[in-house]
């Protein structure tokens, strides 16, 4: 047997036992669950949406905007007036109040959805909310938001606040579902009706 035949034979012998191991997606990782029951069509993710995130600032520990053991909160606003009425902006250590006012008033509520997201960061060092994913699934918007900041700083927690404006045009969703992850990696899935 020549060297080439021997190498081919060795390669085939080594590859054969591995063939069964690679039958699942991504070499051993099972396919993701799309949430569909047997027989139901899976939810489909539409094209990525246009959205803007504005960092409002943060609540200090003296004003805890979250309910007991909550990881975050989610509010959807129907108008600029609704945002001003329901968001306790006077309690926020605001980064730039005039920029927040401009962000709200520039929102076209006929074609945009405006919501606020609040979560927790272990201290007050550059606490913010980052939107990691946002997509449309049938008649829902599904998103993930995460608290970010620096680890250095005092031990008093802070509650970063962001406004998220999503362009939905003339086809508004019926629900917004957002998984919020705080600064200690706790997570909670929040839902809000979109009227």
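Computed values, structure above
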read-out	value
Among the candidates 28, 39, 35, 20, residue that is exposed (fewer than 10 other Cβ atoms within 10 Å of the Cβ), touching a helix residue (DSSP H, G or I) at 6+ places or on another chain (Cβ under 7 Å) and at pLDDT below 85	28
Output for the stretch 83-108, where each listed residue is touching a helix residue (DSSP H, G or I) at 6+ places or on another chain (Cβ under 8 Å), within 18 Å of residue 60 (Cβ to Cβ) and surrounded by 15 or more Cβ atoms within 10 Å (Cβ to Cβ)	89, 94, 100
Test: residue in the stretch 109-127 that is surrounded by 15 or more Cβ atoms within 10 Å (Cβ to Cβ), in contact (Cβ under 8 Å) with a residue 12 or more places away in the chain, touching a helix residue (DSSP H, G or I) at 6+ places or on another chain (Cβ under 6 Å) and in a strand (DSSP E or B)	no
Residue tally, condition outside any strand (DSSP E or B), touching a residue at least 40 places away in the same chain (Cβ under 8 Å) and closer than 13 Å to residue 76 by Cα, over the stretch 147-195	4
Cross-chain or 6+ apart pairs with Cβ under 6 Å, the stretch 79-95 first and at positive phi, then in a helix (DSSP H, G or I)	none
Which listed residue is surrounded by 19 or more Cβ atoms within 10 Å (Cβ to Cβ) and more than 18 Å from residue 97 (Cα to Cα), from 56, 71	71
Selection count, the stretch 59-107, where residues are in a loop (DSSP other than H, G, I, E, B), farther than 12 Å from residue 162 by Cα and within 22 Å of the chain's Cα centre (by Cα)	10
Residue satisfying condition, being in contact with a strand residue (DSSP E or B) (Cβ under 9 Å, 6 or more places away or on another chain) and on the phi > 0 side of the Ramachandran plot, within set 112, 126	126
Residue in the stretch 87-98 that is closer than 21 Å to residue 177 by Cβ and modelled with pLDDT under 95 present	yes
The lone exception for residue 146 - which of (1) crowded, with 22+ Cβ neighbours inside 10 Å; (2) modelled with pLDDT of 95 or more it fails	(1)
Any hit, the stretch 144-157, residues being under 20 Å from residue 88 (Cα atoms) and in contact with a strand residue (DSSP E or B) (Cβ under 8 Å, 6 or more places away or on another chain)	yes
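The values are calculated or read from the model by the stated rules, or taken from the named source; none is laboratory data. Remember, it's a predicted structure, so these values are computed and weren't measured experimentally. Note that each Cβ is placed from the backbone with ideal geometry, even for glycine, and that neighbours are counted across all protein chains shown.
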